[in-house]
Each structure stands twice: as C-alpha cells, then as structure tokens.
Amino acid sequence: MRNFFELSAGGRVFLLSAIFLIVSFSVFFLTYLVKKSEKRILSKLSILLLSILNVIILIIYESGMNYFFYEAPLNVKTERFMNISVVFTGIPVIILGALVVILTIREFRYRKQIITKNSIKESFDNLPAGLCFSLPDGRILLFNHCMSELCFSITGAELQNAEEFWKTLTDGKISSNAKRLSSGETPEFRLPDGSIWTFSRSRIDDNYQITATEITHLHKLTLRLKEKNVNLENMNERLRRYGENVDELTRSRERLETKERIHNNLGQVLLATRHSLGSDKYDADSLIEMWKKNIYVLKTGAEYYDEQYNLDTLFKAAHSAGITIDLSGELPDNNEIRKLFVIAAIEVLTNAVRHADAKILYIGFGKLSEGYYVKFTNDGTRPDGEITEGGGLKNLRKRVERMNGTMRVTSKPRFTLEIIADKREDDYIYA
C-alpha cells in the first residue's frame, strides 16, 4: 500500500484537490445548517469534526508538497504521518464526502416536501395573476413577475410606485401598444399579445393590494353573448311580426271558410230549388227554410247553424239536388280528412248537377300507405275539353294542399277528381 511519497505527481495533486473540494463543500453545508437553526446536532458535530480532521490532513500533505518542490525540511512527526498509507488517511475524506452527499440529498427531499419561505416566494412570483402590495403613499412592499410585466406593457416603464401606477391605470396616459377598454375602479386593457386584463385595488389593514386578472376567455364569451342577444332580439321581432301575420292569416282563413260554406250552401239550395221546380212533389216549407238560413248568413256574416261533416250531410245534399250517390269504401276516422272529403264531395256534387246534368255520383274512399284517398266520377255529360278550375275547385285545391295532400282533375275519358290526403296530422296547416 503506497504512502503519500510513493504517489506520482498527478496522484498527489488529485488527492490534495479532492480533499480541498470536499472540505470546502462541507464547510459551506455546515454554514447552511447553522443558519437554518435546526437541531441536527449530531450531523453538525460530525461534519465539523471530520472537516477539522481533513483540514489537518490537507495541511500535513501540503507540507509534504513543499518538501518535494522546495526541499523544505520535515519534522519527525510529519515524516512519520507521510509514511502512512493513503488508504488509511483517505478514510476520513471518504466518510466526510459521503456524509455531505447523503445530507444534501436528504435536504433536497425535505425542501420538496415542506413549504419554506423560498417556496412561498417562488409560488408568488409564478402566479398567473398579477399582485402588488404597497403602503398608502405608494411605496412598494412586494410584487410578482406578472405584475411587473403588465406594468411595463401598459405604461412602458418599470413598476416603482404603486399609487402612480394605479392612477395611470384608472385614467392616465398609457403605452401606444396597449389599448384601454374601460376606466374607473376596474379598468380593462388589451395588451399587444391580444390578452385582456382587468385590474382592481383593495385595502388590507393599512396597505393596498392591486390585483390583475386575465379575462380574455371571459371577454370573448361576453362578446359572443351580446351577439346572441342581438340575434335573439331580431328573432323576437320576427316572431312578433310572424304572430301578427298568423293573426291576419287566421282571420283570412276564417273568412275563406265562411265563403266556402256560403258557396256550398248556396249551391245546395240552388240545386234543391232547381230539382223541386222540375218535380211534381216537393217540400216548399223545407225549401223556404233553407233559403232563410242562407239569406241570414249573407246578411249577418254569421253562421246560422253548425254543420256536421259526415255521410248524412252528403246524402242530405244529394237528396236536395235529386242525385243518387253510389258509394264504395268508408270515410276515414281522421276528423280533418273526413271533413275535407265531405266538402270535396259536396263541391263535386254541385258541379255534376250544374255542368254535367248527372243523375249518379260515384264516390270511392280508400286507404294508402302514405294516407287516404277519394275518387269522384259521374254519369253525366262528358266534358268537351280541359276543365278550368273555377272558384269552388280552386278553393278546394288550396285546402288540399294546406293538408299536405294532392288533387288531380281529369276530363278524359270522363270527368274524374282524385284527392290523396297525408296521414301526418301534426303537419297540417288548417285553413
């Protein structure tokens, strides 16, 4: 085992350098532990004793180096120590180094697990919001990085006086790169990066606190909400106008229904009168009563009676006109479709007597997958050409189309009228 004298020049330099670095770091770490004022008496005492021992070894070895370079004389005790193997003299160095490393690792772990003054300051500086605490005269006690950057972006200067900074925020001259969105007690600004910040100030005991909060997302939501409110106002206006139009449409629809009923009732009365005048037997009282009812409707504009739309109504009209009905199928259960088909039958019956001099009206009811249908023909004179839809048929077509139905009129080989009505009652536009 080699002693210090038997080491090479590089080995001796390396050994002295290692001892010096370990001792220096141990002294620094010991100072840190003392400042912390923690107990750890055993750790502090161990580092202190080992550091003193390593300093003594370093001094003795330094004397040996002087012997090699400058041939300085060595005393007997120093020479005996120099002859000791470096393995034994290196043990205190290794122990001190290991102890310092272990305690350093433990210290780092300890600092991560507890809240220290530095951790509080670090958290304060890294807050996403701006904070500034000051005395009433504006002298700053504490502020974080965010507030410092905001101050420079808005005012173009460093944060030095909180009172002057607040006056600038509320109603002062700001940098050309920033834009003031609002003033007063909660001023808002748009910064060059597009972010929007709002500021507020509050009193805490005898001090003041200025707070800055980013509201970029909230500002966008507010603008979007304003746009939606404008759209809702426009929609409400359209709905109001629509409601007015619906009222007018309802009144027009009621007037049209009244006209249709008057048209149908007058047609029935005229046909009944024509049939009665050409017949030897007729009920004059019944005929006069029918005329009274229709004249009352024409004079007052009000309904004289509530007409029911069923087969009895249809056969009653046919009997009055002196025409026979050949019926196949059944009326649908749907009230609106049944009403539509009876109104159509009365209109066709009137036209069959007036224009074709028919004696029999053929009516066929049926059901399809998409709805219900009815087909009308008669045994009267066949049309000479295409049929022009007059007021009665034209109004009937409008009623059919309002109920999502279709109507087809053909003249060859004989007059035929077909109607298909949709089953979907929820989609009807009644008229």
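I want the local charge near Glu227. Using Cβ-Cβ distances under 12 Å, sum +1 for each Lys or Arg and -1 for each Asp or Glu among the other residues. Residues close to Glu227 contribute a combined charge of +3. In the stretch 310-395, if the dipole is taken from +1 on Lys/Arg beta carbons and -1 on Asp/Glu beta carbons about the Cα centre, which of Thr388, Thr350, Asn378 is farthest to the positive end? Most positive-ward Cα: Thr350.
Among 194-206, 348-360, how do they line up by average Cβ neighbours within 10 Å per residue, starting with the highest? Don't skip to the answer; put the middle values down first.
Details: 194-206: 13.3, 348-360: 19.6.
Final packing ranking: 348-360, 194-206.
Using θ = phi - 60° in the Karplus curve 6.51 cos²θ - 1.76 cosθ + 1.60, the 3J(HN,Hα) couplings for the stretch 136-151 round to x, 7, x, 5, 7, 9, 6, 8, 9, 4, 4, 5, 5, 5, 5, 4 Hz; x is entered for Gly and Pro. If the limit is 20 Å between Cα atoms, which of Lys339/Lys375; Lys316/Lys359; Lys173/Lys220; Lys359/Lys394; Lys367/Lys398 go over it? Going by Cα-Cα distance, Lys173/Lys220; Lys359/Lys394; Lys367/Lys398 fall outside the 20 Å limit.
When Rg and Dmax are taken over the Cα atoms of the stretch 125-214, they come to 11.9, 36 Å. Distances between placed amide hydrogens fall under 5 Å for Leu142 paired with Phe133, all partners being 5 or more residues away or on another chain.
Once the other residues with Cβ under 14 Å from the Cβ of Phe165 are scored (Lys, Arg +1; Asp, Glu -1), what is the net sum? Numbers along the way, then the final one.
Details: positive: Arg139, Lys167, Lys173, Arg201; negative: Asp137, Glu149, Glu158, Glu163, Glu164, Asp171.
Cβ neighbours under 14 Å give a net charge of -2.
Scanning residues 5 or more positions from Lys359 or on other chains, those with amide H under 5 Å from its amide H are Asp379, Gly380, with H placed 1.01 Å from N in the peptide plane. When each of Met407, Met147 is scored by the number of other beta-carbon atoms lying within 10 Å, the sequence from fewest to most is Met407, Met147. Peptides 182-190, 314-322 ranked from most to least packed give 314-322, 182-190, packing being the mean of other C-beta atoms within 10 angstrom over each peptide's residues.
Bear in mind that the values in this text are calculations on the coordinates, not laboratory data. All figures in this text were calculated on a predicted structure; none of them were measured in a lab. As a convention, Cβ positions derive from the backbone with ideal geometry for all residues, glycine included, and neighbour counts pool all protein chains shown.
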